[in-house]
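S.K.: Quick one: structure below, then a few questions.
Each value in this text was obtained by applying a stated rule to the coordinates, not by laboratory testing. The structure displayed is predicted, hence computed values, not measured ones. Don't worry about glycine lacking a Cβ; one is built from the backbone with ideal geometry, like all the others, and counts go over all protein chains shown.
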Amino acid sequence: MSPGNFVALAVILFVIGAVGVLVRRNAMVIFMCVELMLNAVNLAFVAFARMHGNLSGQVIAFFVMVVAAAEVVVGLAILMAIFRTRRSASVDDASLLKY
Amino acid sequence: MTGSLAVATTVAAHAEATLPAVGVQRAAWLLLVFPLFGAVVLLLGGKRTDRWGHLLGVAMPLAAFAYALIAFAAMLGYPAGQRSRSVQLYSWITAGAFKVNVGLQLDQLSICFVLLITGVGSLIHIFSVGYMAHDPGRRRFFGYMNLFLAAMLLLVLADNYLVLYAGWEGVGLASYLLIGFWQYKPTAAVAAKKAFIANRVGDAGLSLAIMLMFTTFGSVTFGGVFRHPGAASPGVLTAIGLLLLLGACGKSAQLPLQSWLLDAMEGPTPVSALIHAATMVTAGVYLIVRSGPIFDLSPDARLAVSIVGAATLLFGAIISCAKDDIKKALAGSTMSQIGYMMLAAGIGPAGYPFAIALLLAHGFFKAGLFLGAGSIMHGMNDEVDMRRYGGLAAVMRITTLTFGACYLAIIGIPPFSGFFAKDTVIDAAFHSGGTGGWILGICAVIGAGLTAFYMTRVMLMTFAGKRRWDENAHPHEAPPVMTWPVILLAVGAVGFGAWEILGDRLAKFLGPVSGYTPPEPAVFSTSGIVVLALAVVAIALAWAMYGRRPVPGTAPAARFPVTAARRDLYGDAINESLLMRPGQWITRLSVYFDNRGVDGLVNTVAAVIGGTSGRMRRLQTGFVRSYALSMFLGGVLLVGALLLARI
């Protein structure tokens, strides 16, 4: 299978994730879309690594996974705290921090 | 042979070296420490010194006077050329080439002033014990008075201009505190401020003169400046002289900085006596005479001094002729007498001894007159309007006699001090040469006639005629603590002047400092006889106007010259229209420019930035998804730009 297909899949996944982040209100879903975008990028890294015969891309994929895990830990904690106080996981409700 | 010797001594006199002090004179700093100690204890001690504060306040000047007498006796023990002694206390400022030591110089000139300041000052302090007996602030009053003496003594004892300047400023401060002593009276507070500001103008002149001296001679000590004054160009010497004159005008209330002196009468009467007789106004004369070596080389500056003196002596005398307030009449008289001293000082070395002689004589009779006025006010419920006096001779015998003696002294009736002191000044003015000398002399003669007129007017309105008192005034003689100082001053006024002038005692004594040896004693000069005749005419005129006719209770309506004199010859009006109003315009213009111009620019910039930020602020909606969208669009733009750049 040619690497182009992997890249195309990565682009599709990334666009789905990006649109999800922009249009969904539920913070949980937004997190999942962010994960989708990260994984799309990971897929692109690995595909390009394979294409160029260079290991750097694969190493970076591991780094991205670690960062994503850390981000999820912190993000979910915030999400829990917000949900406990406001009984809602909608990001549009949490709009107090403004002008 | 004798002539050439005299010239030689005159030339050598200026180079008279100042020797280090030995013996008792080494403790000259005691002169400063006594009054300063009194001031510190009384001002910092607070209420617990109230009970005995005035006693300490009197003891300190007396102690200083006692020491001054000892130092004077020691000085007389030295031969004439070695009487200038200095005491170096400590090094004050050391900055590269600029070194200032705090040093005291005891020479013939400064000892004259020290004796006057401490002697007359002590008598005024004793008088104040009685005069201020019922004032709740008596302790504070004595503290300020002691501070005044300390500052004045520092001024006359300093051996360099910078330390002199410190004393000069101290005198200004003390006079401010004392003129505004009753600060709850708005007039007193305003008068104090006025005195301070007028003095600041003069102080600016003195400080510029000191700076100019340092750049020219590289030194500010008397020794350093006077060693080779000829090394400077005549223009610089004239500039220094004129700046010194400006300083002297401020302290001595000479034209054009005279306006504060009449208002300074708002202070308690002993303060007026101290300012007018022993301290403060004499400082200007001291400065001119002390700076003699500079003025000797600058005829223009000398001429300016003489002109200022002649103008002021007429100015003050004319004002005095129309004043109904006894203290203001005496204040105008002080301006006039100091004018005589300045006139004499402007003549040069030949005039210095006469200026100092008149200054010392004036110290006695003017202190006597002011303290006499204080006694009268003490008995008349603080009334100062002479139209409410009249017939006081019958109830205040001692005051009448002492005031009368000082009166005869000031108008220059022969055996009294004023005659000898003033006549020599007038004579010196005529002999100063040329048409200028004649003009100065004629001014001085006219001034003497006016002096006789206004002083006779004061005498007649106060002590003679019908009683025009308030119903609740019960005039009585002052207690002995107030009469005795005045009696001593009157004795001094009667005898001292004659003693110091006859046989040129003072001129010979001051010779090494002033650089002038008097030729021969001349008692009755032509001008003296003219002055005497004029004085008799003026007395007769005053008698015709105020003695024969009854004095109206309120000032009658008058025409031009009298109204002008009543308004201080428009001194305040001139200051107001020439200085105050334009000053206000400038401030208003600056304020307008500041508000509209500077502030306008700054405020516009601020408003533009503020308004823009206010609008930009609206972008922060708090909706996370809109932030995400802007980040996304930003990312797209970035990637697009990268791609484009690559292509």
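S.K.: Can you find, among B:Val100, A:Ala10, B:Ala405, the residue farthest towards the positive end of the dipole of the protein assembly as shown? Put +1 on the C-beta of Lys and Arg, -1 on that of Asp and Glu.
M.R.: A:Ala10
S.K.: Using +1 on the beta carbon of Lys and Arg, -1 on that of Asp and Glu, and nothing else charged, what's the dipole of region B:72-199 about the Cα centre, debye to 20?
M.R.: 280
S.K.: Quick one: which residues, 5+ away or cross-chain, put their amide H under 5 Å from the amide H of B:Trp92? H built at 1.01 Å from N.
M.R.: Amide H neighbours of B:Trp92, under 5 Å, 5+ apart: B:Val100, B:Asn101, B:Val102.
S.K.: Could you list which residues have their amide H under 5 Å from that of B:Leu106, counting only those 5 or more apart in sequence or on another chain, with H placed in the peptide plane?
M.R.: Correct list: B:Arg85, B:Ser86, B:Val87.
S.K.: Would you please give the FRET efficiency between B:Leu76 and B:Ala17, computed as 1/(1 + (r/R0)^6) with r the Cβ-Cβ distance and R0 = 22 Å, to the nearest 0.05?
M.R.: The computed FRET efficiency comes out at 0.70.
S.K.: Can you spot the aspartates and glutamates whose alpha carbon is less than 14 Å from B:Lys466's alpha carbon? Ignore those fewer than 8 places along the same chain.
M.R.: The reachable aspartates and glutamates, counting only those whose Cα sits under 14 Å from B:Lys466, number zero.
S.K.: While we're looking at this one, here's another question. Using the Cα gyration tensor of chain B, with a ≥ b ≥ c the square roots of its eigenvalues, what is the shape: rounded (a/c below 1.5), prolate (a/b larger than b/c) or oblate (neither)?
M.R.: Because a/c hits 1.5 or more and a/b exceeds b/c, chain B counts as prolate.
S.K.: Relative to a virtual label point 7 Å from the Cα of B:Arg646 in the Cα→beta-carbon direction, which members of region A:1-21 show backbone nitrogen distances below 14 Å?
M.R.: none
S.K.: Taking the square root of 5 times each eigenvalue of the Cα gyration tensor, what semi-axes in Å does the equivalent ellipsoid of region B:211-323 have, largest first?
M.R.: In descending order, the three semi-axes are 31, 16, 10 Å.
S.K.: Determine which lysines satisfy two conditions relative to B:Lys99: a Cα distance under 30 Å, and not lying fewer than 8 residues away in the same chain.
M.R.: B:Lys251
S.K.: Can you work out the Karplus-derived ³J(HN,Hα) for every residue in region A:64-75? Use 6.51 cos²θ - 1.76 cosθ + 1.60 with θ = phi - 60°, whole Hz, and x for glycine or proline.
M.R.: So the J values, rounded to whole Hz, are 4, 4, 4, 4, 4, 4, 4, 5, 5, 4, 5, x.
S.K.: Okay, moving on. Is there a quick way to get the dipole size of chain B? I mean about its Cα centre, with the Cβ of Lys and Arg at +1 and of Asp and Glu at -1; what is the value in debye to the nearest 20?
M.R.: I would put it at about 1820 debye.
S.K.: State the answer as a single residue: which of B:Phe416, B:Leu644, B:Gly465 lies farthest towards the positive end of the charge dipole of the protein assembly as shown, with beta carbon charges of +1 for Lys and Arg and -1 for Asp and Glu, about the Cα centre.
M.R.: About the Cα centre, the residue reaching furthest to the positive side is B:Leu644.
S.K.: Please give the net charge around B:Ile413, taking every other residue with its beta carbon less than 15 angstrom from that of B:Ile413, where Lys and Arg add +1 and Asp and Glu add -1.
M.R.: Within the 15 Å Cβ shell, the charges total 0.
S.K.: Can you compute the modelled spin-label distance between B:Val536 and B:Val602, with each label point 7 Å from Cα toward Cβ, in nm?
M.R.: So the two model labels end up 7.5 nm from each other.
S.K.: What is the sum of charges around B:Arg139, taking Lys and Arg as +1, Asp and Glu as -1, for the other residues whose C-beta is under 13 Å from the C-beta of B:Arg139?
M.R.: +3
S.K.: Please report the net charge: other residues with Cβ closer than 13 Å to the Cβ of B:Arg388, K and R +1, D and E -1.
M.R.: For residues surrounding B:Arg388, the net value is -3.
S.K.: Could you give me the ³J(HN,Hα) list for region B:376-390, computed from phi with Karplus coefficients 6.51, -1.76, 1.60 and θ = phi - 60°, whole Hz, x at Gly and Pro?
M.R.: Result, ordered by residue: 5, 4, 4, x, 10, 6, 6, 6, 10, 6, 5, 6, 9, 8, x Hz.
S.K.: Mind giving me the FRET efficiency for B:Ile439 and B:Phe560? R0 is 22 Å, r the Cβ-Cβ distance, nearest 0.05 is fine.
M.R.: 0.35
S.K.: What full-extension length gain, to one decimal in nm, is calculated for A:Asp93 and A:Asn5 as 0.36 nm per residue of separation minus the Cα-Cα distance?
M.R.: Here the segment from A:Asp93 to A:Asn5 would lengthen by 27.7 nm.
S.K.: To continue, here is another question. Got a sec to turn the phi values of region B:295-310 into Karplus ³J(HN,Hα) couplings, 6.51 cos²θ - 1.76 cosθ + 1.60 with θ = phi - 60°, whole Hz, x for Gly and Pro?
M.R.: For region B:295-310, the Karplus-derived couplings read 5, 4, 8, 10, x, 5, 4, 4, 4, 4, 4, 5, 5, 4, x, 5 Hz, x marking Gly and Pro.
S.K.: Computed FRET efficiency, Cβ-Cβ of B:Ile413 and B:Arg227, R0 51 Å: what is it to the nearest 0.05?
M.R.: Between B:Ile413 and B:Arg227 the formula returns 0.70.
S.K.: While we're looking at this one, here's another question. 222 nm [θ] for the protein assembly as shown, helices only, -39500 (n - 2.57) per DSSP H run of 4+, per residue, to 500?
M.R.: Taking each H run of at least 4 residues, the total per residue is -23500 deg cm²/dmol.
S.K.: Can you pull the one-decimal nm distance between simple spin-label points at B:Tyr90 and A:Met65, each 7 Å off the Cα toward Cβ?
M.R.: Using points 7 Å along Cα→Cβ, the separation is 8.2 nm.
S.K.: When only DSSP loop residues count, what chymotrypsin sites (Phe, Trp or Tyr not before Pro) in region B:168-235 have their Cβ near at most 10 other Cβ atoms within 10 Å?
M.R.: Those satisfying the criteria are B:Tyr184.
S.K.: Could you check what % of the DSSP bridge pairs in chain B are antiparallel, to the nearest 5?
M.R.: Approximately 85 percent, going by the DSSP bridge assignments.
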